[in-house]
1. If you check B:ARG87, B:ARG6, which single one turns out to be open to solvent by less than 90 Å² (accessible area, probe 1.4 Å), more than 9 Å from DNA strand D (Cβ to nearest atom), at the interface with another protein chain (Cβ under 10 Å from one of its Cβ atoms) and among the charged types (D, E, K, R)?
2. Would you call B:ARG135 within 16 Å of DNA strand D (Cβ to nearest atom) and over 21 Å from the mean Cα position of the chain (by Cα)?
3. Kindly provide the set of residues from the stretch A:56-71 that are within 9 Å of chain B (Cβ to nearest Cβ), within 29 Å of B:ARG164 (Cβ to Cβ) and assigned to a loop (DSSP other than H, G, I, E, B), ordered by number.
4. With respect to the numbered conditions (1) out of contact with any helix residue (DSSP H, G or I) (no Cβ under 7 Å at 6 or more places or on another chain); (2) among the charged types (D, E, K, R); (3) free of Cβ contacts under 8 Å to residues at least 12 places away in the same chain; (4) within 13 Å of DNA strand C (Cβ to nearest atom), which one is the sole condition not fulfilled by A:GLU41?
5. Check A:ASP123, A:ASP142, A:ASP150 and return the single one that is among the acidic types (Asp, Glu), surrounded by fewer than 18 Cβ atoms within 10 Å (Cβ to Cβ) and modelled with pLDDT under 95.
6. Starting from residues that are within 17 Å of A:GLN59 (Cα to Cα) and either under 18 Å from the mean Cα position of the chain (by Cα) or more than 16 Å from DNA strand C (Cβ to nearest atom) (or both), keep the ones in the stretch B:65-81 and report whichever is surrounded by the fewest Cβ atoms within 10 Å (Cβ to Cβ).
7. Kindly check whether there is at least one residue in the stretch B:172-195 that is within 11 Å of chain A (Cβ to nearest Cβ), open to solvent by less than 20 Å² (accessible area, probe 1.4 Å) and more than 18 Å from B:SER86 (Cα to Cα).
8. Would you call B:VAL48 in a helix (DSSP H, G or I), over 30 Å from B:VAL165 (Cβ atoms) and either among the β-branched types (Val, Ile, Thr) or at pLDDT below 90 (or both)?
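The values are calculated or read from the model by the stated rules, or taken from the named source; none is laboratory data. Because the structure is predicted, anything quoted here is derived from the model rather than measured. All Cβ positions, glycine included, derive from the backbone under ideal geometry; neighbour counts span all protein chains shown. Accessible surface areas use protein heavy atoms only, side chains included; no ligands, DNA or RNA. Shrake-Rupley method; radii C 1.70, N 1.55, O 1.52, S 1.80 Å.
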Number of protein chains: 2
Amino acid sequence: MSLRGRPVRVKFAYQQVADEIQKQIFDGSIKPGERLPGEHELAEMFGVTRSTVREGLRQLENDGLVHRPSPRRLEVCLPGTDALTSRASRTMMMMGVTFRDLWQVSMVTEPLAAELAAQNITDPEKVELRAIHARLSAITDDMLLVSKIDTQFHSFIAEATKNRVLTMAREPVSMLLYRGFAQVAPLAKIALPRQAEAHTHIVEAICAHDADLARTWMRRHINDFWKAIQNANLQDSVPAELPSEDE
Amino acid sequence: MSLRGRPVRVKFAYQQVADEIQKQIFDGSIKPGERLPGEHELAEMFGVTRSTVREGLRQLENDGLVHRPSPRRLEVCLPGTDALTSRASRTMMMMGVTFRDLWQVSMVTEPLAAELAAQNITDPEKVELRAIHARLSAITDDMLLVSKIDTQFHSFIAEATKNRVLTMAREPVSMLLYRGFAQVAPLAKIALPRQAEAHTHIVEAICAHDADLARTWMRRHINDFWKAIQNANLQDSVPAELPSEDE
DNA sequence: GAGTCGTTTAGTGTCTGACAGTCCGACATA
DNA sequence: TATGTCGGACTGTCAGACACTAAACGACTC
């Protein structure tokens, strides 16, 4: 016979506190933006010490369920994607993903993004998309800035799809590719006109709600990027940390 | 003139502790699997109190960089994807993603997975894939179990691609779709033979390293699933929490 | 020697209590 | 209305303590 033994998980006090608060956030007892009571009060409510509450809060903070604009303010907030993307890309980096891996995925997500964006973009978004494109076109020398705005360009298209799943799935990939772009950029100055052309076509196709065309051009665009990576012989290398993270 | 004021960010002690340990993990000073000194010792090393160290450790624990099999053992570990996927799917759920969103993404990720799996699957993996398929085929009544094994089936294919980016990107999506599957399953019993057929073709194509065929069948398979969702009129609804999370 | 069984002990989880620095909100002032 | 001042509340950090448990250790059997 087989004895089914589920691991008895001991519930530590700080865990219970975190779970309880989390539950109240999920079921709507506490609404996003609302302030939480002070640690002292929380401690009294849960019948534990402030230290215990603190450890629980720290966990919620890491989960992105509460936010501390200043040490004094502790407010509930729905978890954004920021924390997730940075963690995801960090994990990918540590797992040793290669540019090839990133490219293979981008090769399907980016065209999809373009396609869906063409279907769902709003008029105000069109204006902004064109603005980003214009800003990108204006740069001719600072390749690092080019890669930065380019990443922004793609992210904006993804957001225009209104598909959060796609947004979340591609964001970490995009972040890592950005680093790759920054690495190959100096070598790829020659490809700039070609990139600009692709971008123009993508923007126009999306704004014209031509999903097929948008997808096609995006596909081409990503492929170009891949060729640049290959020229730099980076296919199987791992994205590196960027030197600085200043604005 | 423009006065540039970057927000002064105070580095709290527990943050510094966490950062320092994290840095030592990243640069390889501490290797995965190794044990960390006790809290008391760490406190002495960093010149802070145990409480402070604790808060820092809690953060690393949440990040998945250290692991506590029991309260006594504190060991370094490379962050797995488990914590990320559960967090990601939770976030998606709270953002109110619909089955349509999930399907749109799966429609590109799953065929890609099949394609790459066909290229990269190893012989031992073929055996296991067939085993999962057989296990799935044997079930005829328990639709909930079907959806569970089906999820496993797809995840296994994704792992066979050896592309960690794809694995990580699709896992949360798969998790949420699983819930959807569990919801429509009772209604979709009729579609079971069709699903079995698709699975068979997918398995054979992958094992024969026929990437195109694998992609095609996977595409068809996902489309079938979408039709089931439509029949249940769930396209724009949000995946619900499953009743229980036993074994 | 390998495996089993107590015993010891180090280390965690939690608590009490405290203090300095700081931020918030309100009040007063112009 | 906008600015200066002030008290109070609250956080981050500290020191020290205690119960309880799991890991390490040694004793004991085969």
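1. Working: B:ARG6 fails: open to solvent by less than 90 Å² (accessible area, probe 1.4 Å).
Residue meeting the stated conditions: B:ARG87.
2. Numbers: within 16 Å of DNA strand D (Cβ to nearest atom): no; over 21 Å from the mean Cα position of the chain (by Cα): yes.
So B:ARG135 does not fit the description; no.
3. Hit for the stretch A:56-71 is A:GLY64, nothing else.
4. (4)
5. Values: A:ASP123 fails: modelled with pLDDT under 95; A:ASP150 fails: surrounded by fewer than 18 Cβ atoms within 10 Å (Cβ to Cβ).
On inspection, the qualifying residue turns out to be A:ASP142.
6. Per the criteria, the residue is B:PRO79.
7. Checking the stretch B:172-195: not a single residue is within 11 Å of chain A (Cβ to nearest Cβ), open to solvent by less than 20 Å² (accessible area, probe 1.4 Å) and more than 18 Å from B:SER86 (Cα to Cα).
8. The answer is no for B:VAL48.
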